[in-house]
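Since the structure comes first, as structure tokens, the remarks are kept for the end.
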Amino acid sequence: MNLMESVLSALDSLRVNKLRTLLTMLGVIIGVGAVIAMIGIAQGARAATLEQIQKLGANVLTVRAGQARRGGAFLGFGSVQSMKPSDADAILKNCNGLVIRASPETSSAYQVKYFNRNMRTSITGCTPEYAPIRNLVLAEGRFFDDSEERAMARVAVIGHTVWEELFQGGACIGKIIRINGQPFRVIGRLQYKGDTGFRSFDDRIYIPLSTAMRRLMGVDYVEGISVQAVSGGEVMQTAQQCVEETLMRVHRIPPWGDPDFRVFNQGEFVETVEQTARTFTFLLAGVALVSLIVGGIGIMNIMLVSVTERTREIGLRKAVGATRMNILTQFLIESVVISVVGGLIGILLGYAVATYISQQANWKVLVPMEGVVLAFSFAALVGVFFGLYPAWRAAQLQPIEALRYE
């Protein structure tokens, strides 16, 4: 009996007991389906989180003023009033080659009106460099320039949410809005950016930093600085160190003193997300693989029952010339077919479950090809491992004893 005949004989045997074969496959189907669905959910969550972080800007270091204390309670980052716009110039000068842009910024919430429509939103004062640092894309109009920054011009660039609330999705360029009673001319509208999980760029109005500090807020300090490094990885780490050393020197803080600022490295967020996603994926996949092992035990049990039921058949095959290898191959092929077919069905089931979850819960689901290959390979391995002992038992039967078996 050659290999092809063994395969055909194994398939015929499985076809005779369709229900039992399907029930045996069930453990493998559930296991593989769970692996695919879990990996898809975990990888989708990772991709969605990284996408949100990228919306904050590429290779960005966020410098925030420290936390002031009042009555024993911290007031939050940005409450210390020691950071000046000139700090951004010092960073650009001292970190040349590591940093390409730096934009001081300050924010506060104000009432904004346009005729009879009004809303309360965040007003961010910044420099023109803020737009490329934070990946702000214009839907129409333009961002303010350096001349308007120097002139403390009353111009504004509005986010998508502000445009919908004040202008109901209509024309806005050139229109006059009032921020805290002061008139500002709208010169630009930003494309929809979506919630980043950290801040909303859509529910926000951007005005020149000098205008915000002198005309609107009446302050001489900023809350933070957005700094864009040349690239990510080790360069960002070096840039972060340079920024910290520069601000410590500019603020005249000794090396052993407590800094009055905090630098947040976006690369650290990405690394944390990556590590969390890997741990989460391994945990979920490990739990799902338990189902595959249980399915493999089920395959072993059914194959042992099959060996017992077909003892006389085995004896007859050996009597007409079948070798031990022929018998072992036939039963091993049966267990592998069960696990492989179950694995294929499980992959389809996993994709279906992942797609359903993404539609119902509005989650992003991403199933990498390596996850599919891993699940399918493990399913095939389960068939070989748990089918080997029943196949060996069948191959060891003596023809005379097998023919006498009742």
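Here are some notes:
- Here the stretch 163-254 yields Rg over Rh of 1.08, to two decimals, using C-alpha coordinates and the Kirkwood radius.
- Charged side chains reduced to their Cβ positions (Lys and Arg at +1, Asp and Glu at -1) give the stretch 106-146 a dipole of some 340 debye around its Cα centre.
- Potential extension, LEU381-LEU23 segment - 0.36 nm per residue separation minus Cα distance: 127.0 nm
- What the Cβ-Cβ distance of ARG214 and ASP12 gives, at R0 = 60 Å and to the nearest 0.05, is a FRET efficiency of 0.10.
- Length added when fully stretched, ALA47-GLN241, from 0.36 nm per residue minus Cα-Cα: 67.0 nm
- Taking label points 7 Å from Cα along the Cα-to-Cβ direction, ASP89 and ASN362 give a separation of 4.6 nm.
- Segment LEU138-MET152, extension gain: residue separation times 0.36 nm, minus the distance between their alpha carbons: 2.9 nm
Since every read-out is calculated from the coordinates, none of them should be taken as a lab result. Model, not experiment: these values are computed from the prediction. Note: ideal-geometry Cβ built from the backbone for every residue, glycine included; neighbour counts use all protein chains shown.
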